[in-house]
1. Can you find, among A:ALA484, A:PHE535, A:SER471, the residue sitting farthest towards the positive end of the charge dipole of the stretch A:453-581, where Lys and Arg contribute +1 and Asp and Glu -1 at Cβ?
2. Please work out the FRET efficiency for the pair A:ARG568 and A:GLU36, using the Cβ-Cβ distance as r and a Förster radius of 25 Å; give the result to the nearest 0.05.
3. Which value, in Å², gives the accessible area per residue of the protein assembly as shown when a 1.4 Å probe is used on the protein heavy atoms?
4. Which of the aspartates and glutamates could be linked to B:LYS23 by a straight reach, that is with a Cα gap under 13 Å, when you skip same-chain ones fewer than 8 residues away?
5. Buried by at least 30 Å² relative to the chain on its own: which residues of the stretch A:498-530 qualify, computing accessible area with a 1.4 Å probe on protein heavy atoms?
6. Can you list the residues, at least 5 places off or on another chain, whose amide H is less than 5 Å from the amide H of B:ILE334, using H built in the peptide plane?
7. Please give the length that would be gained between A:GLU415 and A:LYS371 if that part of the chain were fully extended, namely 0.36 nm times their separation in residues minus their C-alpha to C-alpha distance (nm, one decimal).
8. For the protein assembly as shown, what does the equivalent ellipsoid look like in terms of its semi-axes, each the square root of 5 times an eigenvalue of the Cα gyration tensor, given largest first in whole Å?
Protein chains: 2
Amino acid sequence: MAIALIFILSFLGLVIAFYFMKKVTDIPLDLGLDTEESGRLKTIHGAIAEGAMAFLKQQYKYLAYFMIGFAIVIAVLIDDQHTPDVREGIFTAIAFLFGAIISILSGYIGMKVATAGNARTTVSARNNIADAFVVAMNSGAVMGFALVGLATLGLIVIYLVMNVVLPEVENNVLMEVIAGFGLGGSSIALFARVGGGIFTKAADVGADLVGKVEKGIPEDDPRNPAVIADNVGDNVGDVAGMGADLFGSCAESTCAALVISAIAFSADLNAMLYPIMISAVGIPVSLVTKMLVRVHTEEQVAPALKKLLMISSGIMAVVLYFITMWMIPDSFEINGEIYSNMGVYWCFFSGLLSGLAVGLLTEYYTSDQYKPVQDIAKSCETGAATNIIFGLALGYKSTVLPYIAIAISIFVSWELAGMYGIAIASLGMLGTLAIALTIDAYGPVADNAGGIAEMVGLDKEVRRRTDILDSAGNTTAAIGKGFAIGAAILTSLALFGAFLTHSQNLMRELPEFGANYDLIGSITLLDPVVFVSLFLGAVLPFLFSAMTMKSVGAAAFDMIEEVRRQFREIPGIMEGQGRPQYAQCVAISTQAALREMIAPGVLIMCTPLAVGFLFGVTAVAGMLAGSLVTGGVLAIASSNSGGAWDNAKKYIEAGNLGGKGSEEHKAAVVGDTVGDPLKDTSGPSLNILIKLSAILSLVFAPFFVNYGGLLI
Amino acid sequence: MAIALIFILSFLGLVIAFYFMKKVTDIPLDLGLDTEESGRLKTIHGAIAEGAMAFLKQQYKYLAYFMIGFAIVIAVLIDDQHTPDVREGIFTAIAFLFGAIISILSGYIGMKVATAGNARTTVSARNNIADAFVVAMNSGAVMGFALVGLATLGLIVIYLVMNVVLPEVENNVLMEVIAGFGLGGSSIALFARVGGGIFTKAADVGADLVGKVEKGIPEDDPRNPAVIADNVGDNVGDVAGMGADLFGSCAESTCAALVISAIAFSADLNAMLYPIMISAVGIPVSLVTKMLVRVHTEEQVAPALKKLLMISSGIMAVVLYFITMWMIPDSFEINGEIYSNMGVYWCFFSGLLSGLAVGLLTEYYTSDQYKPVQDIAKSCETGAATNIIFGLALGYKSTVLPYIAIAISIFVSWELAGMYGIAIASLGMLGTLAIALTIDAYGPVADNAGGIAEMVGLDKEVRRRTDILDSAGNTTAAIGKGFAIGAAILTSLALFGAFLTHSQNLMRELPEFGANYDLIGSITLLDPVVFVSLFLGAVLPFLFSAMTMKSVGAAAFDMIEEVRRQFREIPGIMEGQGRPQYAQCVAISTQAALREMIAPGVLIMCTPLAVGFLFGVTAVAGMLAGSLVTGGVLAIASSNSGGAWDNAKKYIEAGNLGGKGSEEHKAAVVGDTVGDPLKDTSGPSLNILIKLSAILSLVFAPFFVNYGGLLI
């Protein structure tokens, strides 16, 4: 029954996605345009779509090599000495590839529809804002529903294959394989987020510095070879990157819960599948919510988006009560502790609530409606330096309340259902993922639509309307970021707990430790290995941030060179005769992005492996805790500083404190540029860092236990 | 014998300080000046000295209230239920006041001689650079030797009073009282560092923005009412603030070692006094080093300072071998572990070595001789934004190697002699404190000397010479900062260990825990209270940084108002007729600084108390570990980003990349201004944050154990 329901809901998600896809593509690309406009629009739209494909092709080639190589590493290093019948490592490697492919697919679908929806939003905005809103929302919905549907489908398939097709499998192996699936999704997320982040910021800076500054042509001018890369960048970073990231979050937090369920509920199918069901149920709930909210006037756009989040959260809170009562037994035992189904529900609820709290706090700190951003804008009166100081201080300060909200949720869930509770709380944050992703993907579609309106040269009213859509999306995107960071922290903590429990179980099977070995009780703060590794784990996020921030700079330099070359070598480019090689710029940005992300990628993938191999499980535990704690702070601070600088600039551009072109505006632009890599590259990548190192350690726990601790 | 030797060496320190003081003040203030120059110099010199006194008066008034209030809190809250004969709380409160007074005294002496030495360095620089070097060094030496002499004298007096005068005292009480002494020193350090940091940056910005920008008068012009405050600021922040800070470090790391010794070596007087002896022996070693190094030419200045550090470290390494063999028994036991005297020596040595390593790494990342700063300077070619991004990235990245160096020292010391080893390692970093402080205080004296030369209008050659002295001091100051951060981390860790051991001992006396209660073994990472408090402890340093950074802004605004008022209201001020009210500006800066530092001060002093009272000892442990780990990273990153921006600006001003007045220079100035509060206010204050919260918890451990954990 539960299995059938999950299958039905997963397919429902895919059908909904397909339906919205159809609704978007049914709109003629050049709806109501005259021939000349239509030609221009098709050229531009084609260039963006072509550019996005060029990026995907390049990226997938790199990723294919990486995934195959890493799958081999998994197959070889993960030993199955406890399970003579089944090749644990090989199954894990296959699950890893499966997770990676689904992650790639999610990003691909999202990008495909986003590049189809952007121009259609533009032409619909010529009629009225309500039409444009619907097109942009439907485009976003394709990604939202497809991604969640694919995630739940993938998870249930893995579960069935392992449990039904190979019924002799041990729970430890099942746990390992499920974690492999999450690792696959998360690894792709790392590449997509970091690469996408570097890509979009490199294109942004390249287009601005050569086009606007050196050649004096306006923003979004089709003669600028990097202008398409810039628009592609929005899709690459904000759609594909974010999609892979949140697919990773969803897969990982479900994995974290499943891994614990695999031991606690091995005989109770319903309870076992509960974590997958949470995400699956989010699909119809999101659909209902989407149908409930309509927009008729401009004023309704921003409240509508917030309403979507609130209503879906409310419905989820009610529906999940019944689901929990149905699927989770009245009382159950994990590691000797007794928990109740009501307790599990409160875990879910605390996650949902603290997710909302973090989201709304993020909005408070980054929206120009409130004092923090207005203070930053005011600090521009005394120049760029005070703007930077106030922005950094705001970012630092803005970590406190979200951390308290998350800490409360951690404490409550832990007390109510241990590590299982933490995993459920993180699913609570991600329960409304389909709708949250819809809104997140809606933003870049609206953003692109504005760019296209400008490039085609449509009426200013069109741009004004898309700007309203875009700016409403920015605010809600901030809320979404809050959810993502909160969920990442909770997921990592649950995975951390799963890693320790799993390692302890594996160690207990070894004669040198014995069946009563208390690994978890030995991870004390006053142990030299734990403290030193905690201490060193704390610098990892800082090193990773430094690397990605500098990468943006290096990639931007490459782009500048390429744009200059095209202006120099293509005849008639400035007169609009010669067609700029858009794909070339996209390829340059892609190559630079992929090259620059190797070092941070290797750092994240290899550090846990090296630490575990050289210093053993205890050191990995300390390192994970250290980087989890500082990674979360740095992620929130980076995102919020960046968001606040961005909106302080927009606040000034809206005519406050001297407006566009004033000294205040120049100071604000400096802040915005500093914030770009922080909020779009290093900040969001830190989410992945903490989740990825945790799930990587979980997958490689057998390796650490059997062969690790070489130097200790 | 050991007691007598410590007394002799302490008095030697004071005698040396007095000798150098005499040597400095014997030089006529207006050596070789004509009557007119002499008059101007005396006016300016008097104004700086007067300003410094005005600051001290204001500050001491505030501090007196605070110290008395907090002493009462200590006396009331620290219960003596285990020691019916002795009022533990009252003794601790007295020790607290004693530590505070010595700390104030150290800062006072340092500032007194620095304001006497500055003008004498100026006039000596008219002869030749060697004379000026000697005067500036001697001024610094007064503070260096006086401070170490006072610290060791204070510690030995506390020990004797408690042990000889009140021989019935328990070791637990002795430990408590010694910690109270450290807490007193550290609390003053907090106020001196934060207040001084805010003062100096407020005066700096105020003088620049109104004087240079609004009134168009040159830098260091005596008509600017804030110019004296600016010069006072150098003394307040870099002499008094740093002196109190390092007195705190020295007192605290000695306390940490003594607290452990009080239990381990209660019957072995020599071993008990070993930690005090390390600092005491540093006095003659520093003196010998100082006599060995001479400067004759300009080129010798910078190498001479580095030589001082290297030679004193070398001599200490040799001398301490014999001291350790003499004072520490061949083998001894702490908490059931057996350690050796050779092991203790290696702890000392590893601290010394890693201190040097951190110092040299700091130099590498912040000196314009090396690639990192040159890269930052180059990034100014593309504007202020890239300068900020590269500078932030450099700061983040520069935390990795120092953390590894410190981690190795932690691990080695821990393995060789447990927490006692960590405390000895931190004393290893601070062993050459007298000479390190001499160099640190030499810097602002040389800096002031340059300002005075400019204001009096002496020959440009004088300013050129003081600039050479100043710039050599900057590099060595960076090395000194590295030592300070490293020592703060090790000290805090040792205090953290002492806090847990002390709490465990106190708990074992309570019937509800019993004699075998294993508190330390229960502080595991997979405990909800530990993890949540670790998690929340991690944001404390970020909040503290945000508060101090914004305080600099607020204080600067006050200063701007006051300077504008004086220009408006004092007749003839612009013509040089009306004398500006320098003391008024100093008072404004003082008041603003003291007002602005209340909030961060309360945060640091109250958070551990509140956490312990509400959530108990376990929560305090998690919080301390969390803020220790992130506080260290943030301190290094802030100091190094700030130092690198400062030197990138100077590198450009030296004629590279366009030189003074170029676009690159403007971009570099933005970075420098952003770096100011980071490197001179929030960064160094974080050192104190981590030490202070640890020692505060140690002192209040009886309170937490007896009355804490209200909500858990």
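1. Checked the options; the winner is A:SER471.
2. Working: r = 30 Å, r/R0 = 1.19.
My answer for the efficiency is 0.25.
3. Details: 43630 Å² over 1424 residues.
Accessible surface, normalised per residue, equals 31 Å².
4. B:ASP131
5. Output list: A:ILE520, A:ILE523, A:THR524, A:LEU525, A:LEU526, A:PRO528.
6. Here the answer is B:TYR339, since their amide H atoms fall under 5 Å of that of B:ILE334.
7. On the way: separation 44, 0.36 × 44 = 15.84 nm, distance 3.65 nm.
Fully extending the segment from A:GLU415 to A:LYS371 adds 12.2 nm.
8. Working: eigenvalues 580, 339, 130 Å².
So the three semi-axes of the protein assembly as shown are 54, 41, 25 Å.
The values are calculated or read from the model by the stated rules, or taken from the named source; none is laboratory data. Treat the numbers as computed from the prediction; the structure is a model and nothing was measured. Note that we place each Cβ from the backbone using ideal geometry, even for glycine, and neighbour counts take in every protein chain shown. In case anyone asks, the SASA skips ligands and DNA or RNA and just uses the protein heavy atoms, side chains included. Shrake-Rupley method; radii C 1.70, N 1.55, O 1.52, S 1.80 Å.
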